[in-house]
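Structure record follows, encoded as structure tokens.
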Amino acid sequence: MSATEEKLAKRLQHAFAEIAEPPAEFREEWTVAVRKADRLDQVCRFAKETLGFDYLVDISSVDHYGRDPRFELVYELYSYRQRASLRLTARIAEERAEAPSVIEVWRGADWHEREIYDMMGIRFRGHPDLRRILMWEGYPYYPLRKDFPLAGKDSEAPEVAVSRAAPLEGGPFVTPADQTDSERREPRARQ
């Protein structure tokens, strides 16, 4: 299937040569990086309507804290007819953390975009109902950003949610087991 996926990735890159990097392959998965996030909707529409990527598997975001551009959007696409996958990525600067919504291309983008907005603070221009999906309205933070403390932040809305930070007791990826308090165990506290 890799030959079909490579061919489709090259067609997409050729159609958007002015804004798309040459396709990159890693472990038989093909990725096209889009240099202009504000044109993602056009690239996605082409991927669906011309190349046949009829299923949006997922949209996720990455926080490259300390680098510019800070954020990256990752679109996982699949074509049932061709049994082919393709990944699209786009980097977004922190100052203008915004991208066009692809909800008009794939209706399934709705909750993915809301979750990315809620957890990372990236806005999706043109989304018909961009509001928080996990945190409550008015919550001032974005919990999946790397500068959000693992120990959490106190809530100032006790009638809406827990009013104290949840403890991080244990967990294989949090900290070494020999330390006693969760704040000292936070990886960023050891820098």
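The values are calculated or read from the model by the stated rules, or taken from the named source; none is laboratory data. Computed from a prediction, not measured in an experiment: that's the story for all the values here. Using ideal geometry, Cβ is built from the backbone for each residue, glycine included, and neighbour counts are taken over all protein chains shown.
Taking (1) at pLDDT below 95; (2) within 23 Å of residue 42 (Cβ to Cβ); (3) touching a Ser or Thr at 6+ places or on another chain (Cβ under 9 Å) in turn, residue 150 satisfies each apart from (2). Only one of the listed residues (70, 96, 87) is surrounded by 19 or more Cβ atoms within 10 Å (Cβ to Cβ), over 26 Å from residue 4 (Cα atoms) and out of contact with any helix residue (DSSP H, G or I) (no Cβ under 8 Å at 6 or more places or on another chain). That residue is 70. Residues that are among the basic types (Lys, Arg) and loosely packed, with under 13 Cβ neighbours inside 10 Å within the stretch 1-31 comprise just one, 27.
For the stretch 49-67, taking the residues that are over 15 Å from the mean Cα position of the chain (by Cα) and over 25 Å from residue 95 (Cα atoms), the one that is surrounded by the most Cβ atoms within 10 Å (Cβ to Cβ) is identified as 53. Could you please give the count of residues in the stretch 8-48 that are in a helix (DSSP H, G or I), farther than 21 Å from residue 92 by Cβ and touching a residue at least 12 places away in the same chain (Cβ under 8 Å)? Selection size over the stretch 8-48: 6. Considered as a group, the residues in the stretch 109-119 that are surrounded by 19 or more Cβ atoms within 10 Å (Cβ to Cβ) and in contact with a Pro (Cβ under 9 Å, 6 or more places away or on another chain) include one that is nearest to residue 64 (Cα to Cα), and that residue is 119. Kindly indicate the residue of the stretch 110-124 that is free of Cβ contacts under 8 Å to residues at least 40 places away in the same chain and either of a type in the set (Lys, Arg) or in contact with a Ser or Thr (Cβ under 7 Å, 6 or more places away or on another chain) (or both) and also farthest from residue 148 (Cα to Cα) among those meeting that condition. Result: 124. Taking each residue of the stretch 138-150 that is over 23 Å from residue 73 (Cβ atoms) and looking for partners that are hydrophobic (A, V, I, L, M, F, W, C) with beta-carbon atoms closer than 8 Å, six or more apart or interchain, yields 138/157; 150/168; 150/174. From the list 75, 65, the one residue that fits, being part of a strand (DSSP E or B) and aromatic (Phe, Trp, Tyr), is 75.
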